[in-house]
Structure formats: C-alpha cells, structure tokens
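See below for the structure under consideration.
Where a number appears in this text, it was derived from the coordinates with a stated rule and is not lab data. None of the values given here were measured: they were computed from a predicted structure. When we count neighbours, we look across all protein chains shown, and the Cβ atoms used for this are built from the backbone with ideal geometry, even at glycine.
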Amino acid sequence: MQTDFGLYIHIPFCRQKCFYCDFPSFAGRERYIAAYLNALSREMELLADRCGETGKLHPRTVYIGGGTPSHLSLEQMEILFQSIQANTSLSDVAEFTMEANPCSLNEEKLYLMKKSGVNRLSIGVQSFDDTCLK
Ligand code: SF4
C-alpha cells in the first residue's frame, strides 16, 4: 500500500484576481464550482480505484490550496470534504492543511473544517508593500 505521498487538491476560485498572482485562479467563475467539485470527486474515485488497495488513498498529508478554498460556500465545502472522506483514509494523515482568506471564513466553516480533519490553516500574505507586490 502506497502511503509516502501528499494529496494536493486545487480550488481555483477567488473573490477577485490579484494583479500580481500567477497561480491558476479565477474570479467571477462561481457558476463552475459545482461542476468542478463533481470532477474532483470523480478524479479522486478513479485514483483511489487505481492506487488504493483498499479502494481508498492513504496519503501522509492533504493540502487544499488555491485559489481561495475558503471562498467555497459551507455547502460546497461539505461536498468537498465528503468526496475526500469517501476516497481517502485520513487515519495516517499527519497534516491536513487548508488555505483560507480570513474575509471568507466564518465560525461554521471553521467548525466544519476542524470536524473534517483539517489541522492546519494557511493564511498567506505576499507582502504589505505595494511596490514589492508589483
Ligand atoms: S487570492 Fe491568492 S490565489 Fe487568489 S488571485 Fe489573489 S493571490 Fe492569487
């Protein structure tokens, strides 16, 4: 059983596109979120079928990055975590990280994240200096 890998899940949606950002991320595309989460779920199923002896993936770490994963609604986050739990064994996961923007977090989302196994929150700041950002 392969366990020496990290599972990275990309959520490419943001409230706005920052001018200095080179990441694959998009603003104003919320209408695609449901289809994207469906596709992610299907891809995890296929990977778990192919790689997981028990029909589940057994990563050491899980990282949900973006984009802005916390831009998902509470219901969309629930769908994402259900897909992860259906296709991944979290028992050996040491670090389960989710990137977040404080502006799109609330108590319900934080509670859901904690309940779903997230044990690290990544809040990135590129710079507070506009010249450096340019
Ligand atoms: S919030 Fe982050 S990922 Fe989204 S556009 Fe800005 S820098 Fe890029």
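Brief remarks follow.
- In the stretch 1-33, residue nearest to residue 100 (Cα to Cα) [restricted to those that are more than 9 Å from the ligand (Cβ to nearest atom) and under 14 Å from the mean Cα position of the chain (by Cα)]: 11
- Residue 74 being of a type in the set (A, V, I, L, M, F, W, C) and either over 18 Å from residue 8 (Cα atoms) or in contact with an Asp or Glu (Cβ under 9 Å, 6 or more places away or on another chain) (or both): yes
- In the stretch 82-101 there is at least one residue that is away from the ligand (no atom under 16 Å from the Cβ), closer than 24 Å to residue 23 by Cβ and touching a helix residue (DSSP H, G or I) at 6+ places or on another chain (Cβ under 6 Å).
- In the stretch 120-129 there is no residue that is under 23 Å from residue 2 (Cα atoms) and surrounded by 11 or more Cβ atoms within 10 Å (Cβ to Cβ).
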